[in-house]
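Working notes, beginning with the structure itself.
The values are calculated or read from the model by the stated rules, or taken from the named source; none is laboratory data. These numbers come from a predicted model, not from an experiment. Ideal geometry is used to build each Cβ from the backbone, glycine not excepted, and the neighbour counts take in all protein chains shown. Quick note on the areas: whole protein, heavy atoms, side chains included, nothing else; ligands and nucleic acids left out. Shrake-Rupley method; radii C 1.70, N 1.55, O 1.52, S 1.80 Å.
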Amino acid sequence: MCSYTNFMSILHRFVLFALLFVCTQKIQAQYLIPDEITIDYSAEDLPLREVLYQLGDISRVTIAFQEEIIPGDSLISLAVRNEKLGKIIDYIINPHGLKYKIVGNQIVIKKDPYTSSRDKITISGYLKDEESGEPLVNANIYLYDKSAGTTTNEYGFYSFTIDKGIKRVYFSYLGYDLGIQEFDLAKDTVVDIKMLPSNRLNEVVIKAKRYDPVIEFPEVASVDILPIDRISAGLPLGGEADIIRYTYTLPGVTSGADGFGGMSVRGGATNQNLILFDGIPVYNANHAFGLFSIFNSNVIKSAKLYKGAFPSHYSGRLSSVLDIRTREGNNQKMAGDVSVGILAVKASLEGPIVKDKASYLISFRRTFVDPWIKSLTEYLNEREGKTGNSDIYFLDFNGKLNFSLGPRSKIYLSYYTGSDNFNNITSEVNDEKDLENLDETFWESRNNLASLRWNLQLSQKSFLNISAYYSKYNFGSFDHDRVNILESGQQIDNFYEAGYYQSSIEDRGVKLDMDIIPGSSHKIKIGGGIVKHQFNPGLLLVDNFDQLTEGEELITQNQLKSLLDEETIEGDEYEFYIEDNIRLGEYSHLNIGYNHLMVKTGKTYHIVQPRLLFNTGSKKYTFKFSAGRMGQYLHNLTNSGLGIPVDVWLPSTDIIEPEVSWIFSAGNFFKSQKFGMIGFETFYKDFSNLTRYGDSGLVDISTTSNWESLIPIGDGTAYGFEFSHDQRIGNTAIKTSYTLSWSDRTFPGINNGETFRYRYDRRHVFDIGILHKLGENIEFSANWQYASGSPITVADGQNYF
């Protein structure tokens, strides 16, 4: 009985193993394309027909051909290891005017009708999501042998120039099934591709093993393509995923203060980052003291961050570019979602206006914890013998419409509005000293962005985009500290200090961009733009000696705002650029360009901005180098506190010249199945014409003050080393990074003219993140960061005024 049981158990296991083996072989056979199979093979002076038969036997792939097209006098000698079957066949049949194509699971060899002509043809079109119709940005298009390739632009358009003949073209995009099209190309062809999102749990892992994109590393140096699907999974704070908080996990990127106050990239200031929202520059991208950004993750389609020298079609900032593009809305069916987190509620709705031709997308987000904060602060104040409360909330609204004017022309309308509000009122009576202390603080921040874009495919090799935008950023802050002197509970005198501060920027801009793709080795961008700025900075400080109030009357925010004689400053920016992204080989690219920025205030400044970005290497290794000169028309006076948004934006003037920087970076990156991706990169930045507050603190900015001469002008440097490691083990992704950096500033009138550490000089920053997929819809993530503290100057004495 026992032996029979053991026999049946062994037989049962054998059958299961056999079934599993057969299923596995079938799955692999279905997934692998015949010419993707890798084999070892050697031959010496064998006839071509015999070599083809042997290749078919070894690979177990049927290789079909007509006997009369195979030359009988062709003898083959070669030896290869772990090479793809398709490359071997190409190598031995190309000299005889033969080509092959895939028919089902077979390889069919036939005569190449285009052997006598090497004329070029162009295929072009758009890549879109099959389910929603959304264009796919930065998707890869490449030939089977990776001898040529290109990528889609911001609107999903691609243009690909190749030789005539039978060509198999791959269309690849992360998170989507690989698209493969085989063409018998005799003339220019328009091909629009709809790609299907992959629902396999581990599709990224499988594809990484089976298919390597033509561009495994980005085409230009110092750019990070931010994975939108990983942002919400990686660091949701209070249920709110945030793209800028995700950038803090990248080497070289830190927050202004500990988790607050904006984004500092490689030792630069928070105002030196060009943050684009659908092509519109954003001046303040923060909510809730910088804890969140204004970007609702539900509407983001793509994002990329340039940490080093950036291509010439970007301009206007010194340190980095964060380019964020929003979705267009589902043009196939209506869809929507509502989510409630710990801190905020958000909802979105999208759908077709006319199927395949027009769609809309709207979204809304608002915090709902302000009543709880108000009640909690009232309770805490009561425990300390005070009265009053605090209140804070933010909200966002996004809207987008798009209309197709034809198969190659489209119009986009985008709108965003968002605001932050903070109020704090507390009062405390000190019976022992017959004093009543009153503290009032109010501030409001608001962004309004609107744009109209029209893009047009001029030909198969050129694409035009024209955009006009309006942007307005307002910040207003009121602070009031008052001491009432009491006698028998009645006020007999008072002392107060109050201030109102505002920063307002209004922009109107027009920009033209053109992509010209003369061949598979060149992608030229050319364009220019005009921006008209209007600034209204202002600061007014008063106290009871100004005699603005009497008795128990309180001074108000509106009262100070009406008294503020703010300066109105206008200025214009004119920009022209040209760049060429040159493909030097399968893994080598050179982006060379020039940007000329003309700034016109009372005085005209010309900022020369050459750019160079280069990378080379192999399938498993790349070297990157970037260098460029950057100019910035705008200045920022930053408070030295926690980094809450009370900074003054100012233009260049006759006295204050535009800021300028030189940026250099170089790095090596390695990729392997065993160790994942490992990167080492160094950087150096040199800044000039920087501004900040002086030792005397705030500057009275008004039409009657000589504020320009009171603002210190100085220089700075930043340099350092970055290490990064990304690895996926099964369903677990591990991401680590370390940054060692220095950042300093030198101002003639500050610190006796000696160089001092900049506020964003963090010597060491180490970050590790883990993401584990427990199931198709369940993920676990954890993140930990260690960072050196921000430098601080501690007073060694005191003085009374």
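Worth a mention:
- Paired Rg and Dmax values of the stretch 46-197, which use every Cα atom, in angstrom: 17.6, 55
- Note on VAL108/THR189: beta-carbon distance plugged into 1/(1 + (r/R0)^6) with R0 of 22 Å gives a FRET efficiency of 0.55.
- Judged by the ratio a/c of the largest to the smallest principal axis of the C-alpha gyration tensor, the stretch 498-641 counts as prolate, that ratio being 1.5 or greater while a/b is larger than b/c.
- Nearest-10 value in Å² for the accessible area of PHE475, using the 1.4 Å probe: 10 Å²
- Two-decimal Rg/Rh across the stretch 647-688, once Rg and the Kirkwood Rh are taken from alpha-carbon atoms: 1.35
- Extension gain for ASN799-ARG383 works out to 146.3 nm (0.36 nm per residue, less the C-alpha to C-alpha distance).
- Expected-Rg normalisation [2.2 N^0.38 Å, Cα atoms] applied to the stretch 741-790: 2.00
- Among [x] 54.7; [y] 45.7; [z] 43.9, the entry that matches mean projected area of the Cα convex hull in nm² as calculated here: [y]
- Helix 370-383 and the long axis of the chain differ in direction by around 40°, with both axes built from C-alpha atoms.
- Computed label-point distance, nm, for sites GLN332 and LEU584 using a 7 Å Cα→Cβ extension: 4.2 nm
- If the chain linking ASN544 and TYR605 were pulled fully straight, counting 0.36 nm for each residue of separation and taking away their Cα-Cα distance, it would gain 17.6 nm.
- Debye equation applied to the C-alpha atoms of the stretch 709-779, log10 I(q)/I(0) at 0.20 Å⁻¹: -0.86
- Our helix-only sum for the chain, with -39,500 (n - 2.57) per DSSP H run of n ≥ 4 divided by its residues, gives a mean residue ellipticity at 222 nm of -3500 deg cm²/dmol.
- In the stretch 124-165, Rg over Rh equals 1.03, where Rg is the alpha-carbon radius of gyration and Rh the Kirkwood radius from pairwise Cα distances.
- Here r is the Cβ-Cβ distance between GLU67 and ILE655 and R0 is 56 Å; the resulting FRET efficiency, rounded to 0.05, is 0.05.
- Couplings 3J(HN,Hα) of the stretch 755-772, computed from phi: 5, 9, 5, 7, 4, 9, 7, 9, 5, 10, 9, 10, 9, 9, x, 10, 10, 10 Hz, in residue order, whole Hz [Karplus 6.51 cos²θ - 1.76 cosθ + 1.60, θ = phi - 60°; x for Gly and Pro].
- With N as its number of residues, the stretch 420-464 has a Cα radius of gyration that, divided by 2.2 N^0.38 Å, comes to 2.95.
- Heavy atoms of ARG508: accessible area, 1.4 Å probe, square angstrom to 10: 130 Å²
- Listed residues ILE92, TYR173, HIS480: farthest to the positive end of the dipole of the chain (Cβ charges): ILE92
- Distant alpha-carbon pairs in the stretch 321-376 (separation over 14 angstrom), percent: 64 percent
- Taking the C-alpha atoms only, the angle from helix 48-59 to the longest principal axis of the chain is near 60 degrees.
- Heavy-atom SASA rank of HIS287, HIS725 (probe 1.4 Å, accessible area, largest first): HIS725, HIS287
- Extension gain from LYS619 to LYS674, taking 0.36 nm per residue of separation minus the Cα-Cα distance: 18.3 nm
- Overall dimensions of the stretch 527-605 by Cα: Rg and Dmax, Å: 24.9, 80
- Over 31 Å (Cα to Cα) - which of LYS357/LYS619; LYS523/LYS671; LYS346/LYS532; LYS101/LYS735; LYS410/LYS624 fall in this group: LYS357/LYS619; LYS346/LYS532; LYS101/LYS735; LYS410/LYS624
- Legend: Rg and Dmax of the stretch 368-455, from Cα coordinates, 23.0, 80 Å.
- Charged side chains reduced to their Cβ positions (Lys and Arg at +1, Asp and Glu at -1) give the chain a dipole of some 4680 debye around its Cα centre.
- Cα gyration tensor shape for the stretch 55-115, rounded if a/c is under 1.5, else prolate or oblate: oblate
- Lys/Arg +1, Asp/Glu -1 at C-beta; the stretch 348-436 dipole; positive extreme among TRP372, TYR412, GLY399: TYR412
- Highest-first packing order for the peptide set 713-723, 52-62 is 713-723, 52-62, based on the mean count of other beta carbon atoms within 10 Å.
- Globularity ratio of the stretch 669-788, using Cα Rg and 2.2 N^0.38 Å: 1.61
- Estimated D of the stretch 407-489 in µm² per second, where Rh is the Kirkwood radius over Cα pairs and Stokes-Einstein applies at 10 °C, 1.306 mPa s: 90 µm²/s
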